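Below is one structure; the comments refer to it alone.
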Amino acid sequence: MRPEAVVALPAEPTRLRVFSTVVLGASSPQAAAEAAGVPAKETAVALRRLRAGGLVTGADDLLAAHTDHFKGIVRDSRVTEEPDHHGYADEQVESLLRTFARDDRLVRLPSHWGRRRIVLQHLTHRTFATDTTYDERSVNEKLKAWCEGAGTDHVTVRRYLVDLCLLGREAGRYWLRTDIQPAL
């Protein structure tokens, strides 16, 4: 079955609720309907579609969920997925950035200061333009986009950027520092 078809099956809310109850142990249509809070007729329709897609098997008295389809989709997507390439010739830098920055987002910050500087320098040069000044609100908005889901707040990242001389700051204005030798 195609990955799109497998993912589409539980995309409808009623089917998702019914499938979830089977995954959690409902072994009959009646038990699934009660646990999902869905009328018996809607449960029967959902189960028929889930059976046709191979996500649920078994007779009416003993339902079973098959989640192996999802594992296969994840496994196959990892094989075909190309790793991020950030445009640096140095493979160590690329490896470091693949670990800590994905899709223009921070995964987390390295604890080692030298590595942290490289990741933050990459972020800075991807985010801020030379010969442009930014107010604090603009800097915060740009850094919030990088920090979403990273476990590090944008204020901490902004402080690191200033402390590492990657951004200059004076009177509430920020700019990309070009007078410092890059680590990349």
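The values are calculated or read from the model by the stated rules, or taken from the named source; none is laboratory data. What you see is a predicted model; the values in this text were computed from it and never measured. Cβ: placed from backbone, ideal geometry, glycine included. Neighbour counts: every protein chain shown.
Filtering Leu167, Leu161, Leu143 for residues that are in contact with a Phe, Trp or Tyr (Cβ under 7 Å, 6 or more places away or on another chain) and at negative phi leaves a single hit, Leu167.
Scanning segment 34-56 for residues that are within 32 Å of the chain's Cα centre (by Cα), in a helix (DSSP H, G or I) and without any contact (Cβ under 8 Å) to a residue 24 or more places away in the chain gives Ala35, Ala36, Arg51, Ala52. Of the helices (runs of 4 or more DSSP H) contained entirely in segment 82-158, those carrying at least 1 residues that are of a type in the set (Asp, Glu) and more than 20 Å from Ile180 (Cβ to Cβ) fall at 91-100, 136-147. Out of all the residues in segment 57-65, is one or more under 25 Å from the mean Cα position of the chain (by Cα) and not in a loop (DSSP other than H, G, I, E, B)? Within segment 57-65, not a single residue is under 25 Å from the mean Cα position of the chain (by Cα) and not in a loop (DSSP other than H, G, I, E, B). Is it the case that Leu55 is under 30 Å from Thr14 (Cα atoms), modelled with pLDDT of 85 or more and buried (at least 16 other Cβ atoms within 10 Å of the Cβ)? Against the criterion (under 30 Å from Thr14 (Cα atoms), modelled with pLDDT of 85 or more and buried (at least 16 other Cβ atoms within 10 Å of the Cβ)), Leu55 qualifies. Checked against the criterion of being more than 18 Å from the chain's Cα centre (by Cα), closer than 29 Å to Leu161 by Cβ, surrounded by 13 or more Cβ atoms within 10 Å (Cβ to Cβ) and at pLDDT 90 or above, segment 85-92 has no qualifying residue. When Cys165 is tested against (1) closer than 30 Å to Val23 by Cβ; (2) not in a helix (DSSP H, G or I), just one condition goes unmet, and that condition is (1). Closer than 15 Å to Leu164 by Cβ and β-branched (Val, Ile, Thr): is that true of Thr124 in this structure? Yes; evaluated as a whole, the condition is true for this residue. With respect to the conditions (1) over 25 Å from Lys71 (Cα atoms); (2) surrounded by 18 or more Cβ atoms within 10 Å (Cβ to Cβ), Arg15 lacks only one, and its number is (1).
Within the option set Ala129, Ala150, Ala101, being in contact with a strand residue (DSSP E or B) (Cβ under 9 Å, 6 or more places away or on another chain) and closer than 30 Å to Pro3 by Cβ holds for one residue only, Ala150.
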